[in-house]
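Report on the following structure.
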Amino acid sequence: MDASLVRTSLAMADTGSFKWMADMASDFMNWAPGQPQKSVDKCSGVKKGYLESAPCDQPLNFACEAPKPEYTDFNLSKQNNSF
């Protein structure tokens, strides 16, 4: 298992192009150089901020989408930002 690659929901559609499983539109896909490898890999992962194609049956870590938290008392000016 490539521990540094995290599974995404981006997968190859029947049309041969990659799309998000949630059917979300994306005009920007930050593929790593030489990626995607469409001839072999039908799924994807992300490593160091870049998308890479990966075999769908390759065990990978994954992250789930969660709703954005709502902060009711979040004020950066109150935090001590000294280093």
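The values are calculated or read from the model by the stated rules, or taken from the named source; none is laboratory data. The shown structure was predicted, so the numbers you read here are calculated from the model rather than taken from an experiment. Positions of Cβ are generated from backbone atoms using ideal geometry, with glycine treated the same way; all protein chains shown enter the neighbour counts.
In this structure, is M1 part of a loop (DSSP other than H, G, I, E, B), among the hydrophobic types (A, V, I, L, M, F, W, C) and at pLDDT below 70?
Yes: the conditions hold for M1.
Within the stretch 1-51, can you find the residues that are surrounded by 10 or more Cβ atoms within 10 Å (Cβ to Cβ) and under 9 Å from the mean Cα position of the chain (by Cα)?
Matches in the stretch 1-51: V6, R7, T8, S9, L10, S44, G45, V46, K47, Y50, L51.
Of all residues in the stretch 6-35, which are closer than 13 Å to C56 by Cβ and in contact with an Asp or Glu (Cβ under 9 Å, 6 or more places away or on another chain)?
Once the filter is applied, which keeps residues that are closer than 13 Å to C56 by Cβ and in contact with an Asp or Glu (Cβ under 9 Å, 6 or more places away or on another chain), the stretch 6-35 yields S9, M12.
Please count how many residues of the stretch 52-72 are exposed (fewer than 14 other Cβ atoms within 10 Å of the Cβ), assigned to a loop (DSSP other than H, G, I, E, B) and hydrophobic (A, V, I, L, M, F, W, C).
Within the stretch 52-72, residues that are exposed (fewer than 14 other Cβ atoms within 10 Å of the Cβ), assigned to a loop (DSSP other than H, G, I, E, B) and hydrophobic (A, V, I, L, M, F, W, C) number 4.
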